[in-house]
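Reviewing the structure listed below.
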Amino acid sequence: MRVRMPGAMADAFVAGRVDQAPLTQAAFADFYARTAGPLGGYVRRLTGHRALAEDLVHEAYVRFLSLVRVPATDDHRRNYLFRIATNLARDHFRRAQRDHGYRESLPAPAPARDWSARRHLPDRGELDDLLAGLSTRDRELLLLAYVEGLTHREISAITGLMRASVKPLLFRARRRFAAALREAGLGDAEAAEPAS
C-alpha cells in the first residue's frame with residue numbers, strides 16, 4: 001500500500017526543501033523551545049480555550065514528529081507545524097458542530113464588558129474577548145499576520161488559502177475587527193499591512 005504525502009509536503013519534497021531523515025532529539029528540543037510559546041499562544045487565541053489549545057498543540061507536535069520527511073529549513077518546519085495546528089483546530093470545531101451543534105462546542109463566553117465609559121486601549125483579555133466574536137478564519141488571519149508577524153506567503157502556506165486571497169481576506173478581517181473595536185467604544189483602529 002502506498003501512502004501519499006499531503007500536497008504541501010509533496011511540493012516541498014519536489015522543490016528540495018525536505019530532509020530525508022526526521023529531526024534528532026537535540027534538534028527537536030531546540031525547535032520545540034523556539035516554537036512552543038508562539039504556537040500555544042496562537043492556538044489559545046484561535047480556540048479561546050486554554051485546555052483545548054494545550055491538547056491541540058500537543059497533538060500538532062505528535063503529528064509533526066510522526067512525519068517521515070521533515071521540512072529542511074526552520075521556516076518551513078514552523079509553517080508546517082502551524083498548519084498542522086490550524087487544521088486540528090478546524091477539525092475540532094467541524095466535529096463539534098456536526099456532533100453537538102456549533103454553539104455548544106464553543107467555550108462559555110466571557111461576561112459582557114461595559115466599554116462605553118472607557119477611552120484607554122483594551123488589555124489582552126479584552127482584546128481576546130473582541131477576537132472571540134470574530135469568525136475562526138478572521139481570527140486565524142489576524143493572529144498569524146499581526147501577532148505572529150507572518151507574511152502573506154507564510155499565511156497562505158499555513159491556512160491553505162491562495163496567496164492572492166490572503167490580502168483581501170485580511171483586509172476584511174481587519175475591517176470587522178475595527179468595527180468591533182468601534183462598537184466597544186474604542187474608536188477607529190487601523191492596522192498596518194504585513195510584508196508580502
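Does E193 qualify as being at pLDDT below 80 and not assigned by TED's automatic domain parsing to the domain that holds F82? Considered against the rule, which asks whether it is at pLDDT below 80 and not assigned by TED's automatic domain parsing to the domain that holds F82, E193 comes out as yes.
Counting only residues that are surrounded by 15 or more Cβ atoms within 10 Å (Cβ to Cβ), part of a helix (DSSP H, G or I) and over 11 Å from the mean Cα position of the chain (by Cα), the stretch 42-52 holds 1 of them. Candidates are the residues of the stretch 124-138 that are over 13 Å from the mean Cα position of the chain (by Cα) and in a helix (DSSP H, G or I); the one that is farthest from A85 (Cα to Cα) is E126. Residue check: is D30 within 16 Å of the chain's Cα centre (by Cα), more than 15 Å from R83 (Cα to Cα) and either among the hydrophobic types (A, V, I, L, M, F, W, C) or at pLDDT 90 or above (or both)? Answer is no for this residue. With the structure loaded, tell me whether R95 is modelled with pLDDT under 70, surrounded by fewer than 17 Cβ atoms within 10 Å (Cβ to Cβ), basic (K, R) and assigned to a helix (DSSP H, G or I) or whether it fails that test. No, not satisfied. Screening the stretch 155-171 for residues that are over 22 Å from D91 (Cβ atoms) and touching a residue at least 12 places away in the same chain (Cβ under 8 Å) and picking the one that is surrounded by the fewest Cβ atoms within 10 Å (Cβ to Cβ) gives K167.
The numbered conditions (1) without any contact (Cβ under 8 Å) to a residue 60 or more places away in the chain; (2) crowded, with 18+ Cβ neighbours inside 10 Å; (3) under 11 Å from the mean Cα position of the chain (by Cα) are all true for H152 except (3).
The values are calculated or read from the model by the stated rules, or taken from the named source; none is laboratory data. All of these numbers come straight from a predicted model, not from anything done at the bench. Heads up, the Cβs are rebuilt from the backbone with ideal geometry, glycines too, and the neighbour counts pull from every protein chain shown.
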